[in-house]
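Below you'll find the structure, written out as structure tokens, and then a few comments.
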Amino acid sequence: MNRPRHGWAPGPTVAFVSLLTLWLLVPLTAVLAEEPNGLYEMEVLGVAPTSGGEQAAVLLRGKSAKRELTLFVGPLEAQSIAVPLQQLKPPRPLTHDLTLSILTALRAHLGRIVISDFKDNIYYATLSIEIDGKEITVDSRPSDAIALALRSGVPIYANNKALDGVGVNQPTR
């Protein structure tokens with residue numbers, strides 16, 4: 001299929017520039033600070049397509065620490081993360097909206113998510129769900145956990161196991 005010579009098409013340069021722009025827009029005055037429980041609170045800076053469009057990069061940065069984490073997810077997972085980031089309101093509930101509605105109907109709520117491990121090039125995450133005064137931990141894909149956290153406004157954490165996988169320490173500028 002021939003593509004027109006004019007117009008815009010995403011490519012590796014666009015993905016790199018998107019991530020670089022996100023990285024530069026974040027304040028760089030943070031001091032390395034680990035929570036007492038060994039967790040770093042993270043914020044999602046954005047989602048950017050990679051070359052070929054088969055994956056997307058989700059960029060997270062520590063709120064009070066110079067730690068970064070980039071997760072590569074599929075296009076559907078990226079869309080589920082992008083919807084709350086862009087404050088879009090779909091006409092019908094998406095899967096993550098449904099999950100939160102079920103928790104509410106059961107009088108439970110999401111307390112936080114933790115990106116908890118990196119093994120064999122796979123990230124792991126957990127959901128901390130509070131129900132009847134008790135906290136239960138549920139295994140989750142990081143992309144699902146992030147999508148739920150963004151919709152519910154709960155903190156996103158990463159521990160050293162996850163950050164030491166391929167996380168980045170930012171130099172002081």
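What follows is calculated from the coordinates using simple rules that are stated; it is not laboratory data. Owing to the predicted nature of the structure, the values given are computational and were not obtained by experimental measurement.
Side notes on the structure shown:
- The H on the amide N of Gly46, modeled in the peptide plane, is under 5 Å from the matching H of Leu59, each at least 5 residues off or on a different chain.
- Rounded to the nearest whole Hz, the Karplus-based 3J(HN,Hα) values (6.51 cos²θ - 1.76 cosθ + 1.60, θ = phi - 60°) of region 79-94 follow the sequence 5, 5, 7, 5, 4, x, 4, 8, 6, 7, 10, x, x, 10, x, 8, with x at glycine and proline.
- Given their separation in residues at 0.36 nm each and the Cα-Cα distance between them, Arg107 and Lys119 gain 0.9 nm when the chain is fully extended.
- Prolate/oblate/rounded label for region 62-117 (Cα gyration tensor, a/c 1.5): oblate
- Over 28 Å apart at the Cα level, from the set Lys66/Lys119; Lys66/Lys134; Lys89/Lys119, are Lys66/Lys134; Lys89/Lys119.
- Excluding same-chain neighbours fewer than eight residues apart, the aspartates and glutamates reachable from Lys161 by a Cα-Cα span under 18 Å are Glu34, Glu35, Glu41, Glu43, Glu68, Asp117, Asp120, Asp139.
- The amide H of Ser64, built 1.01 Å from its N in the peptide plane, has Glu41 as neighbours under 5 Å, considering only residues 5 or more places off or on other chains.
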